[in-house]
1. What residue, of A162, A169, is under 20 Å from E39 (Cα atoms), of a type in the set (A, V, I, L, M, F, W, C) and open to solvent by 20 Å² or more (accessible area, probe 1.4 Å)?
2. Which of the residues that make up the range 96-120 are part of a strand (DSSP E or B), open to solvent by 10 Å² or more (accessible area, probe 1.4 Å) and among the hydroxyl-bearing types (S, T, Y)?
3. So how many residues does the range 70-90 have that are among the polar types (S, T, N, Q) and touching a Phe, Trp or Tyr at 6+ places or on another chain (Cβ under 6 Å)?
4. Take the range 200-227 and flag every residue that is in a strand (DSSP E or B) and either surrounded by fewer than 15 Cβ atoms within 10 Å (Cβ to Cβ) or among the small types (G, A, S) (or both).
5. Out of R28, R55, report the one residue that is without any contact (Cβ under 8 Å) to a residue 60 or more places away in the chain, more than 15 Å from the chain's Cα centre (by Cα) and farther than 23 Å from A212 by Cβ.
6. Please pick out the residue among T166, T136, T161, T128 that is out of contact with any His (no Cβ under 7 Å at 6 or more places or on another chain), part of a strand (DSSP E or B) and hydroxyl-bearing (S, T, Y).
7. Could you list, in sequence order, all residues of the range 57-77 that are open to solvent by less than 20 Å² (accessible area, probe 1.4 Å) and either in contact with a Lys or Arg (Cβ under 7 Å, 6 or more places away or on another chain) or in a loop (DSSP other than H, G, I, E, B) (or both)?
Amino acid sequence: MKPLYITVEDHAVPQLITSALEAYEIGRTSPRKKEDKLETFGLLWGYMTPERGNRPPRIIVTTATVETSALVTKGSAKPDLGSLRMKMEFVTRYWPHLEVVGTFHSHPYDSLSEAREYKGWQASSPETVGPNQGDTVFWPWLHEELFLNNPYLGHLIISVTALQKTGWALPKAIEGDSGFELSLGKRKIWITSYASEAVEYEDGPGAQMMDALPVLDIPSMTHRAIEGNFAQTSD
């Protein structure tokens with residue numbers, strides 16, 4: 001089987017990046033305290049083209065929605081299933097050309113050294129956070145709960161940390177073209193991708209993580225990072 005490709009169209013990118021930055025830098029404020037460096041969670045919407053001839057299967061992300069009801073902390077994001085079902089029913093009724101094609105969430109880190117130490121751009125797993133926990137457990141579970149009609153779901157992680165000074169580096173591909181590392185002003189951002197797939201077990205349908213990482217394609221992101229950083233350093 002050919003590798004799965006995930007293409008994120010340009011107008012979906014601002015929602016992904018700004019929601020991760022908002023959770024990181026602004027967070028939330030209650031009467032008693034302010035919390036920042038939080039995770040965020042949302043759904044990816046678009047469509048999928050199947051494998052055909054020399055063309056690999058591809059998820060095309062055209063827009064994204066943020067789960068404002070999700071329970072978020074500095075180390076987790078738990079969406080409300082009722083909210084996900086409501087959005088699926090509403091969007092598919094009035095925008096029938098869209099379907100859920102995946103999820104996204106963020107990983108916030110206090111510093112660049114911490115992000116690099118823990119390889120914070122990677123998915124969490126039982127090996128890193130404990131038994132039956134982590135992204136690689138949650139994603140197949142959610143796929144089984146709500147999206148068994150989808151042969152694949154793409155999952156994006158947007159990892160964020162602050163830099164001590166304005167950074168400049170050419171965007172580079174990481175994890176075998178499954179992600180990007182970018183310097184955006186005084187922020188370092190990684191965007192990485194994973195995928196789950198529907199499978200048929202002996203006791204019925206289910207879902208599992210795909211062994212191979214997807215190929216992540218965000219053509220506009222690298223161009224905008226270069227243009228934005230160049231404009232900043234040229235002022």
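1. Sole residue among the options that is under 20 Å from E39 (Cα atoms), of a type in the set (A, V, I, L, M, F, W, C) and open to solvent by 20 Å² or more (accessible area, probe 1.4 Å): A162.
2. Matches in the range 96-120: Y109 only.
3. 0
4. Once the filter is applied, which keeps residues that are in a strand (DSSP E or B) and either surrounded by fewer than 15 Cβ atoms within 10 Å (Cβ to Cβ) or among the small types (G, A, S) (or both), the range 200-227 yields E200, Y201, G204, P205, G206, A207.
5. Result of the check over R28, R55: R28.
6. T161
7. Passing the criteria: P57, E67, A70.
The values are calculated or read from the model by the stated rules, or taken from the named source; none is laboratory data. Bear in mind the structure is a predicted one, so any value in this text is a computation, not a measurement. Glycine also receives a Cβ, built like all others from the backbone with ideal geometry; neighbour counts cover every protein chain displayed. To get the accessible areas, we keep the full protein, side chains included, count just its heavy atoms, and leave off ligands, DNA and RNA. Shrake-Rupley method; radii C 1.70, N 1.55, O 1.52, S 1.80 Å.
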